[in-house]
Amino acid sequence: MPEQTLPNERPQLIPGLDPEATPLLGLGLGLTGLTLGLRPRFAAVPLALTALTAALYRDPERTTPYEPATLFAVADGVVLNVDDVYEHRFIHSDCLRISIGISALNVPFVRSPVAGMVRMVEHVAGEFRPVGDAEAGDRNDRIYLGLHTEWGPILLAMIAGPIGRRLACRVRPGDRVDAGTRLGTARFGTRADLYLQRDSARLQVQSGARLTAGTSRLGMVVPL
């Protein structure tokens, strides 16, 4: 299905790139042109930095299949772990937690795994441990997003890493989202944790699986 655009979401000015990159790219190209005029042999430096910026801020359009019973990946990256935890912040139940490591070179957008309504957005200040640390999910700086769906609540946590420390939320409580809708950005080496009620889904992924947000299938919903 076509990508959903929320009322509070800025449109792409350059196709395939996050709007946040536009001023940075403009500055980089300007510096490249200036350097070409003054010191041509050094022009490769700002040009390379501009190209790196474009790579880090890319935002490709994606089509998420219309499969209401499917859970889609919330982020580009690698599954670090799938474990059982008790989630006390929003779901208040025994849960499956899927932890996805997002490298600095992955597309940084975090997307909704299913259709639903945003009910909670909460920022928790914290540390900046490596995202593979066993306690990073409970200690690092993070943003929680709670969604109500037709089959029950889910919780998504965007967890900052030690390098960029950049998290941004793009939705508000009351927003209705589709599967694949952009929820926020987690840049420069971060992590996304998805919490599901333990008996609400049959998962099809395990540690080490490589995922693409909005298109890779995590599993199927099992109505409670």
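Assuming residue 94 fulfils every condition listed in (1) charged (D, E, K, R); (2) under 20 Å from residue 221 (Cα atoms); (3) crowded, with 20+ Cβ neighbours inside 10 Å apart from one, which condition is it? Failing condition for residue 94: (3). Listed by first and then second residue, the pairs linking a residue in the stretch 186-207 that is on the phi > 0 side of the Ramachandran plot to a residue that is among the aliphatic types (A, V, I, L, M), with Cβ atoms under 8 Å apart and 6 or more places separating them unless they lie on different chains, are 188/56; 188/104; 188/163; 189/102; 189/104; 189/131; 189/163.
Looking only at residues in the stretch 168-204 that are closer than 15 Å to residue 130 by Cα and assigned to a strand (DSSP E or B), the one that is modelled with the lowest pLDDT is 187.
When the stretch 146-167 is filtered for residues that are surrounded by fewer than 21 Cβ atoms within 10 Å (Cβ to Cβ) and more than 15 Å from the chain's Cα centre (by Cα), the ones remaining, listed by number, are 148, 149, 150, 151, 152, 162, 163.
Restricting attention to the stretch 177-224, which residues are in contact with a helix residue (DSSP H, G or I) (Cβ under 8 Å, 6 or more places away or on another chain) and open to solvent by 10 Å² or more (accessible area, probe 1.4 Å)? Passing the criteria: 188, 191.
Among the residues examined, residue 141 does not qualify as loosely packed, with under 15 Cβ neighbours inside 10 Å, at pLDDT 95 or above and charged (D, E, K, R). Can you find, within the stretch 52-89, the residue that is most open to solvent (accessible area, probe 1.4 Å) among those that are of a type in the set (Phe, Trp, Tyr) and in a loop (DSSP other than H, G, I, E, B)? Residue satisfying both the conditions and the ranking: 66. Just one of (1) at pLDDT 70 or above; (2) aliphatic (A, V, I, L, M); (3) open to solvent by 50 Å² or more (accessible area, probe 1.4 Å); (4) not in a helix (DSSP H, G or I) fails for residue 14. It is (1).
Which of the residues that make up the stretch 90-112 are modelled with pLDDT under 95 and not in a strand (DSSP E or B)? Result: 103, 104, 105, 106, 107, 108.
Report, by residue number, each residue of the stretch 128-138 that is open to solvent by 10 Å² or more (accessible area, probe 1.4 Å) and under 21 Å from residue 86 (Cβ atoms).
Scanning the stretch 128-138 gives 133, 134, 135, 138.
The values are calculated or read from the model by the stated rules, or taken from the named source; none is laboratory data. Everything numeric here is computed off the predicted structure, so don't read it as measured data. Cβ coordinates were reconstructed from backbone atoms using ideal geometry, including for glycine residues, and neighbour counts include every protein chain displayed. Protein only, heavy atoms only, side chains kept; ligands, DNA and RNA dropped before computing areas. Shrake-Rupley method; radii C 1.70, N 1.55, O 1.52, S 1.80 Å.
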